[in-house]
Amino acid sequence: QGTRDHPPAHVALRDRLLAAVVACFKRHGAAAIDTPVLELQETLTGKYGEDVKLIYKLEDQGGELLALRYDLTVPFARYLAMNKITNMKRYHVAKVYRRDNPATTRGRYREFYQCDFDIAGQFDPMIPDAECLKVVHEILSDLQLGDFLIKVNDRRILSGVFAVCGIPESKFLTTCSTVDKLDKMPWEDVKSEMVGEKGLSPEAADRIGEYVQLHGGLDLVERLLQDAKLSQNKLAKEGLGDMKLLFEYLTLFGIAGKISFDLSLARGLDYYTGVIFEAVLLQQENEHVEEPVSVGSVAGGGRYDGLVGMFDPKGRKVPCVGVSIGIERIFSILKQRVEAAGEKVRTTETEVLVATPQKHSVAARLKLISELWDAGIKAEMLYKKDPKLLKQLQYCEDTGIPLAAIVGEQELAAGVVKLRDVATREEVRM
């Protein structure tokens, strides 16, 4: 199926994870938006490169060709164009659908959540791009997932590299998707795919190899700005100039140490036009598990300045940059950690269980729980007329409810409630 029915503990864990991500988005002033799950097929086709085969296509009774959304970025671009919005900072948390081969242990599903943060509008270079990287850094730091690295590159630099290596422009996008496999395959395999499947000459592939295996920081940017071939290419020069500026802003944000300028990063989607980035976890330390979860990238994004114009009748462009957090992949890691440590995840937010020690007290419980609900307190009671007190307290322990409000005959006569701390067993009358 590629989708999974999650038990309450997993849902509770994922909800807390989503809440932490959304809190970061709100801290940066983003507004929430929503778009439909169904889009016209023509809206989605031609935007995802070789991944177009993973789109779920539907045909409804009216004969319209529809599809399930593949990501949240293309629908956002359509939303901006249709509503004539030229300036917006937004976040969107919703499910997307991909007809992929599922690998549930690695957090790879056919139906999964994406958490997107985007800045749309005409602004000075690299300021919004730097903020997107800051958002990724904040989220991965807050979630305490271990050491991570955010790789950055620029589509213009890649285009310049391909041009000076003699790759025809018609093969740029297919070459991009092959280069993007360098984090999963050794260079020799990538080269053989370029030559065997993509039709590049071995000499051209070798020339590309000299560049795409480079990674570093500001020093590498400076070195490439002095490169005899690249410095003659207009696009590459533009991209390297902006990359230098980006690193200056990232240094001011105090996060440059976690950023790597990596020329192998290509990101296979067709719509990226400038800076691209991807966050990877460097290790999944877990002494309890023999085989740690390998999840690949946990966030990715970039600049897509031409996408909104595709949906505008007059072709008006709105520059955009954004990032998507791979929440299901992060969830896979956290879930495994919780299970390995034998921790119990609290599945309810209930603050108090209304309990009675004697029989024939259901009326007292119903009256008290109604008062608590009306006062905005999260409360529960067992759905039995005469449950044993031990069973009621055991329910609190099993579900993690911290307090029990006990109303017995003595309490009713005295007009009080006995409040019991389930963990310490301390009791107070009030």
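The values are calculated or read from the model by the stated rules, or taken from the named source; none is laboratory data. This structure is a prediction, so every number in the text was calculated from the model and none was measured. So basically every Cβ, Gly included, is an ideal-geometry build from the backbone, and we count neighbours across all protein chains shown. These accessible areas exclude ligands, DNA and RNA; they are computed on the full protein's heavy atoms, side chains included. Shrake-Rupley method; radii C 1.70, N 1.55, O 1.52, S 1.80 Å.
When the stretch 341-386 is filtered for residues that are assigned to a helix (DSSP H, G or I), open to solvent by 20 Å² or more (accessible area, probe 1.4 Å) and either within 23 Å of residue 21 (Cβ to Cβ) or of a type in the set (Val, Ile, Thr) (or both), the ones remaining, listed by number, are 341, 362.
Any chance the stretch 48-62 includes a residue that's acidic (Asp, Glu) and surrounded by fewer than 14 Cβ atoms within 10 Å (Cβ to Cβ)? Checking the stretch 48-62: at least one residue is acidic (Asp, Glu) and surrounded by fewer than 14 Cβ atoms within 10 Å (Cβ to Cβ).
Residues satisfying the criterion are present in the stretch 169-183 (criterion: more than 25 Å from residue 246 (Cβ to Cβ) and either aliphatic (A, V, I, L, M) or open to solvent by less than 30 Å² (accessible area, probe 1.4 Å) (or both)). Name the single residue that is least open to solvent (accessible area, probe 1.4 Å) among those in the stretch 401-430 being in a loop (DSSP other than H, G, I, E, B) and not hydrophobic (A, V, I, L, M, F, W, C). So the residue we want is 408.
Among residues of the stretch 380-395 that are in contact (Cβ under 8 Å) with a residue 12 or more places away in the chain, those with a beta-carbon under 7 Å from a residue that is charged (D, E, K, R) at least six positions away or on a different chain give the pairs 381/365; 386/359. Against the conditions (1) crowded, with 18+ Cβ neighbours inside 10 Å; (2) closer than 30 Å to residue 330 by Cα; (3) aromatic (Phe, Trp, Tyr), residue 162 satisfies every one except (2). Of all residues in the stretch 317-335, those satisfying the criterion of being touching a strand residue (DSSP E or B) at 6+ places or on another chain (Cβ under 8 Å) and closer than 23 Å to residue 130 by Cα are 318, 319, 320, 321, 322, 323, 324, 325, 326, 327, 330. Residue pairs whose Cβ atoms lie under 7 Å apart, separated by 6 or more positions or on different chains, with the first residue in the stretch 185-198 and modelled with pLDDT of 85 or more and the second surrounded by fewer than 16 Cβ atoms within 10 Å (Cβ to Cβ), are 187/213; 190/181; 195/202.
Can residue 142 be described as surrounded by fewer than 23 Cβ atoms within 10 Å (Cβ to Cβ) and either acidic (Asp, Glu) or closer than 21 Å to residue 304 by Cβ (or both)? Taking the combined requirement at face value, the residue satisfies it. Criterion applied to 258, 237, 244 was being basic (Lys, Arg), under 30 Å from residue 343 (Cβ atoms) and modelled with pLDDT of 90 or more, and the one residue passing it is 258. Before we move on, is residue 81 modelled with pLDDT of 90 or more and farther than 20 Å from residue 279 by Cα? Judged against the criteria, residue 81 is a match.
Can you go through 160, 146 and tell me which one is of a type outside the set (D, E, K, R) and in contact with a Lys or Arg (Cβ under 9 Å, 6 or more places away or on another chain)? One residue alone meets the criteria, 160.
Residues being polar (S, T, N, Q) and under 30 Å from residue 95 (Cβ atoms) are entirely absent from the stretch 356-379.
Whether any residue in the stretch 243-259 is charged (D, E, K, R) and more than 25 Å from the chain's Cα centre (by Cα) is what I want to check. Yes, that holds for at least one residue.
Could you please let me know if residue 5 is assigned to a loop (DSSP other than H, G, I, E, B) and modelled with pLDDT of 90 or more? Answer is no for this residue. Considering the conditions (1) within 38 Å of the chain's Cα centre (by Cα); (2) at pLDDT 95 or above; (3) not in a loop (DSSP other than H, G, I, E, B), residue 398 is excluded by exactly one of them, (2).
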